[in-house]
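Take a look at the structure set out below.
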Amino acid sequence: MAHYIADPNEAMLPLLMEHVTVALNPRQGLIAGARLIDVLAAEETAAPCWPASTTT
C-alpha cells in the first residue's frame, strides 16, 4: 500500500478495476475481504484524498 500512497496515480487502475468489479458484484473486491479504497483510507499516512467507501 505504501507505493499507492507515495504515488496515488499508480492506484487509479486498481481502484477503477475494483469499482467495476463491485458494481457488477457488490460482494466482490480485489483484496480478500476488503476494498482497496478502504485499506488506503485506513492507512495513517494516507493523503486526505482517499475517502472511505460508503458501501458495505
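Structure above, values below:
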{"item": "Residue that is assigned to a loop (DSSP other than H, G, I, E, B) and modelled with pLDDT of 80 or more, where the choices are 26, 48, 14", "result": "26"}
{"item": "Filter pass, residue 39 being out of contact with any strand residue (DSSP E or B) (no Cβ under 7 Å at 6 or more places or on another chain), at pLDDT 80 or above and surrounded by 10 or more Cβ atoms within 10 Å (Cβ to Cβ)", "result": "no"}
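The values are calculated or read from the model by the stated rules, or taken from the named source; none is laboratory data. Keep in mind that this is a model prediction, so the values were computed, not measured. All Cβ positions, even for glycine, are placed from backbone atoms using ideal geometry, and neighbour counts span all protein chains on display.
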